[in-house]
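Take a look at the structure set out below.
The values are calculated or read from the model by the stated rules, or taken from the named source; none is laboratory data. Note that the structure is a prediction, hence the values are computed from the model and not measured. Here the Cβ is made from the backbone with ideal geometry for all residues, glycine too, and neighbour counts use every protein chain on show. In case anyone asks, the SASA skips ligands and DNA or RNA and just uses the protein heavy atoms, side chains included. Shrake-Rupley method; radii C 1.70, N 1.55, O 1.52, S 1.80 Å.
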Amino acid sequence: MKTILSLGVSLAFSFTCLADGPTDNLADKVRRVPPEGVAIPEAARAELTAGADALAKDIEALRGSLKSKPALLDLLPDVQIYHKAVDWALRHDEFYSTNEVAVARDLLKRGGERAAALRAGQAPWLAQTGLVVRAYQSKIDGSIQPYGLVVPPNFAPGGAPLRLDFWIHGRGEKLSELSFVDGRQKSPGQFVPPGALVLHLYGRYCCANKLAGEVDLFEALAHAKKYYPIDDRRLVVRGFSMGGAACWQFAVHYPGVWAAAAPGAGFSETPDFLKVFQKEDVKPTWFERKLWHMYDCTDYAVNLFNLPTVAYSGEADSQKQAADMMAKALAAENMSLTHIIGPDKTGHSYHKDSIVEINRHIDAIVALGKDPAPDRVRFTTWTLRYNQSHWVRLDGLEEHWSRARVDATVDLSENMVRVKTANVAALSLLFPAGSCQLVQGSAPRVMLDSQKLEAPFVETDKSWTVHFRKLAGKWSLAAFPEDAALRKRHGLQGPIDDAFLDSFLMVRPTGTPLNERVGKWADTEMKHAVEHWRRQYRGDARVKDDITITDADIAQHNLVLWGDPASNKFLARVLDRLPVRWDAQSVRVGALNYSSAEHVPVLIYPNPLNPKKYIVLNSGFTFREYDYLNNARQVPKLPDYAIIDLNIPVSSRLPGGIATAGFFGERWELLPGGTK
């Protein structure tokens with residue numbers, strides 16, 4: 001491990017800790033996240049409500065008047081975010097200081113000014129430099145999500161591509177949209193590279209950019225690219241505290257995206273961090289332990305082989321543990337972590353000299369730009385949700401939640417690519433235009449796990465794409481990366497929480513349930529899922545009645561079905577094509593049989609009516625109130641399926657007892673024992 005100890009005095013930057021420590025280890029005494037707000041004067045509430053209502057009317061009028069002007073209509077979220085920030089603070093009691101009344105007034109004023117500009121056919125903020133608040137409509141739930149930009153003075157629409165640094169904020173349980181938007185109008189943040197764009201993520205509030213918070217980065221990036229010239233070879237991801245944890249996961253999960261990563265503090269894995277920082281006695285189930293592989297960055301450490309990374313920790317910060325754990329994992333891969341340490345007993349903050357040192361490293365790396373096609377790629381994953389590094393993409397695994405590895409090298413002397421794999425069933429080699437150095441005019445060879453295979457010619461634009469699939473232990477060339485068979489694939493591999501990384505629709509039952517107890521449980525859990533989606537992921541979940549589901553809904557959304565086959569008409573429609581049997585007497589999964597008066601199945605499975613989307617039964621995201629108290633806990637808690645025992649009460653950790661649970665196989669088949 002390369003350790004750099006900076007000298008000088010510590011800067012007084014303040015970061016909120018990830019949780020309150022051992023006091024947050026009591027599952028029967030869980031505080032609310034986000035907390036209740038403070039009372040504001042009734043006169044102020046009435047004034048702000050009237051202002052928010054007026055802005056809402058402006059927005060609806062614009063929606064109609066701009067229909068024939070799609071470029072301007074696309075900018076409506078830049079107005080809507082000002083309304084949402086104030087409206088949600090009012091409706092959900094999320095004012096955390098009486099000073100925020102003045103903030104709300106200011107946001108309504110700015111939102112009104114933007115609405116007036118759009119009405120006049122203008123959008124002056126598109127050419128604005130300095131601090132700019134932007135927003136987009138998320139594909140996941142249709143919500144309006146904000147991000148902040150620091151636009152450099154050298155920016156010009158349509159000008160030269162610019163470096164872009166993402167900044168991911170620390171934990172803030174009171175970081176409402178009101179607070180975030182206000183902050184993005186007042187401070188550029190700590191890292192503002194000259195001539196670069198800086199994009200401050202909201203990250204769906206306070207989830208360490210996991211799950212829907214992860215999607216936020218890519219949706220914000222896609223939105224920003226519409227309006228700003230961004231250099232894809234000079235993208236940097238960085239953050240501190242909770243943002244440092246998010247930075248670690250973006251780095252190891254998407255190593256081919258970034259030119260550099262600069263995580264500060266935070267956490268990099270679940271079990272050791274909870275023991276060290278939270279003083280928690282961690283006792284996971286077998287499937288929770290497997291699911292840790294989704295976000296435990298130490299399991300993906302080798303992916304930093306192709307991503308220059310500069311970590312930072314304060315010398316006396318307990319969250320130095322994150323980089324120490326990553327350094328240990330990297331050492332096991334014969335790699336050494338560059339780790340800058342703030343000296344003089346620096347705590348949970350950046351040391352001023354360390355900032356200089358970090359910038360020196362990152363700026364030098366980014367000046368060279370990302371190599372789009374390195375000669376060697378080392379990559380590991382445990383799930384097809386994270387399946388690509390540079391020119392290597394995994395299209396199939398032999399077994400999910402077991403380690404898969406690829407080590408691929410371009411051998412120009414032999415006009416060959418050598419690839420070694422483990423636990424891989426299908427893969428693609430994807431060289432973008434201009435990047436493939438293999439010889440044109442002759443078919444390159446691929447040595448794949450000791451098999452020598454001929455491959456297609458390199459294209460004249462120096463691009464090269466080739467697909468392989470393993471059958472009965474033998475690799476062969478494939479015409480396409482996927483076949484028509486039902487199998488786990490990227491974005492369709494589970495677990496239950498994966499359904500909430502794309503567009504989803506809650507399907508409410510309208511019929512009479514098989515029994516009253518199950519009906520009440522399903523109703524309560526659906527309301528819980530909708531409310532806690534709003535609290536934790538800052539969106540209103542789409543909800544429709546079962547009898548109103550259309551072909552367009554089936555095509556566009558993952559469908560979350562609540563109730564049972566008697567109460568939910570859509571569930572009755574597809575039940576015989578799901579791997580569960582459910583009637584008035586029993587719930588059956590494989591050879592297991594449970595009383596349907598006391599048990600409810602939850603699961604994720606490809607929608608039989610549209611296998612490109614999911615069906616989910618009776619579940620929202622699977623971590624609950626206890627887990628909100630520390631971001632390291634905010635990971636999936638249930639696998640692909642489970643049977644809930646209603647004899648055990650709903651708690652802050654689970655929706656009831658877990659009679660059984662497991663993962664489906666690679667062809668979505670039931671496996672004995674759920675692959676323990």
message = I'm trying to understand the selection: among the residues of the stretch 660-676, which are open to solvent by less than 40 Å² (accessible area, probe 1.4 Å), at pLDDT 95 or above and more than 14 Å from Arg489 (Cα to Cα)?
response = Thr660, Ala661, Gly662, Phe663
query = Pairs under 7 Å by beta carbon, first residue without any contact (Cβ under 8 Å) to a residue 24 or more places away in the chain and over 15 Å from Met294 (Cα atoms) in the stretch 370-396, partner surrounded by fewer than 22 Cβ atoms within 10 Å (Cβ to Cβ) and of a type in the set (Ser, Thr, Tyr), six or more apart or different chains?
reply = none
key: The listed residue being closer than 17 Å to Ala632 by Cα and under 23 Å from the mean Cα position of the chain (by Cα), out of Asp296, Asp324, Asp281   = Asp296
inquiry  = Give all pairs with beta carbons closer than 9 Å in which a residue from the stretch 210-227 that is on the phi < 0 side of the Ramachandran plot meets a residue that is part of a loop (DSSP other than H, G, I, E, B) and acidic (Asp, Glu); count only pairs at least 6 apart in sequence or on separate chains.
reply    = Ala212/Asp141; Val215/Asp502; Lys226/Asp74
Residues that are of a type in the set (S, T, N, Q) and not in a loop (DSSP other than H, G, I, E, B), drawn from the stretch 77-97 = Gln80
message = open to solvent by 10 Å² or more (accessible area, probe 1.4 Å), of a type in the set (Val, Ile, Thr) and under 26 Å from Asp232 (Cα atoms): is that true of Ile362 in this structure?
response = no
inquiry  = Of the residues Val543, Val507, Val518, only one is open to solvent by 20 Å² or more (accessible area, probe 1.4 Å) and in contact (Cβ under 8 Å) with a residue 12 or more places away in the chain; which?
reply    = Val543
query = With Ala135, Ala156, Ala127, Ala160 as the choices, which residue is of a type in the set (Gly, Ala, Ser) and within 17 Å of Leu201 (Cβ to Cβ)?
reply = Ala135
query = Given the residues Leu108, Leu90, Leu162, Leu118, which is the only one that is within 26 Å of Arg233 (Cβ to Cβ) and open to solvent by less than 30 Å² (accessible area, probe 1.4 Å)?
reply = Leu162
task = Report, ordered by the first and then the second residue, all pairs with beta carbons closer than 8 Å, sequence separation of six or more or different chains, a first member in the stretch 88-110 that is in contact (Cβ under 8 Å) with a residue 12 or more places away in the chain, and a second member that is among the β-branched types (Val, Ile, Thr) and assigned to a helix (DSSP H, G or I).
result = Leu90/Thr49; Phe95/Val101; Ala104/Val86; Leu107/Val86; Leu107/Val181; Leu108/Val86
request  = State whether one or more residues within the stretch 569-586 are farther than 25 Å from Pro639 by Cβ, surrounded by 18 or more Cβ atoms within 10 Å (Cβ to Cβ) and in contact with a Gly (Cβ under 8 Å, 6 or more places away or on another chain).
outcome  = yes
remark   = Across (1) open to solvent by less than 20 Å² (accessible area, probe 1.4 Å); (2) assigned to a loop (DSSP other than H, G, I, E, B); (3) farther than 30 Å from Phe621 by Cα, Val132 clears everything bar (2)
ask   = Can you tell me which residues in the stretch 201-227 are open to solvent by less than 10 Å² (accessible area, probe 1.4 Å) and over 13 Å from the mean Cα position of the chain (by Cα)?
value = Ala224
message = Between Ile81, Ile59, which is under 23 Å from Pro124 (Cα atoms) and touching a strand residue (DSSP E or B) at 6+ places or on another chain (Cβ under 8 Å)?
response = Ile81
ask   = Here are some residues: Leu603, Leu559, Leu617. Which one is within 30 Å of Gly142 (Cα to Cα), crowded, with 23+ Cβ neighbours inside 10 Å and in contact (Cβ under 8 Å) with a residue 60 or more places away in the chain?
value = Leu603
request  = For the stretch 135-142, state whether one or more residues are surrounded by 23 or more Cβ atoms within 10 Å (Cβ to Cβ), under 26 Å from the mean Cα position of the chain (by Cα), over 20 Å from Ile230 (Cα atoms) and of a type in the set (A, V, I, L, M).
outcome  = yes
remark   = Checked pairs for the stretch 422-434, first without any contact (Cβ under 8 Å) to a residue 12 or more places away in the chain, second surrounded by 20 or more Cβ atoms within 10 Å (Cβ to Cβ), C-beta under 8 Å and 6 or more apart or across chains, list as none
Selection within the stretch 456-468 - under 14 Å from Leu394 (Cα atoms) and open to solvent by 30 Å² or more (accessible area, probe 1.4 Å) = Thr465
note = Checked against (1) out of contact with any Asp or Glu (no Cβ under 8 Å at 6 or more places or on another chain); (2) open to solvent by less than 20 Å² (accessible area, probe 1.4 Å), Gly590 satisfies every condition except (2)
ask   = If you scan the stretch 156-187, which residues turn out to be touching a helix residue (DSSP H, G or I) at 6+ places or on another chain (Cβ under 9 Å), modelled with pLDDT of 95 or more and assigned to a loop (DSSP other than H, G, I, E, B)?
value = His169, Gly170, Arg171, Gly172, Glu173, Leu175, Ser176, Gln185
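If you scan the stretch 625-661, which residues turn out to be touching a residue at least 40 places away in the same chain (Cβ under 8 Å), among the small types (Gly, Ala, Ser) and on the phi < 0 side of the Ramachandran plot?
Ala632, Ala642, Ser651, Ser652, Ala659, Ala661
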message = Exactly one of these conditions fails for Thr524: (1) open to solvent by 60 Å² or more (accessible area, probe 1.4 Å); (2) within 30 Å of Ser176 (Cα to Cα); (3) not in a helix (DSSP H, G or I). Give me its number.
response = (3)
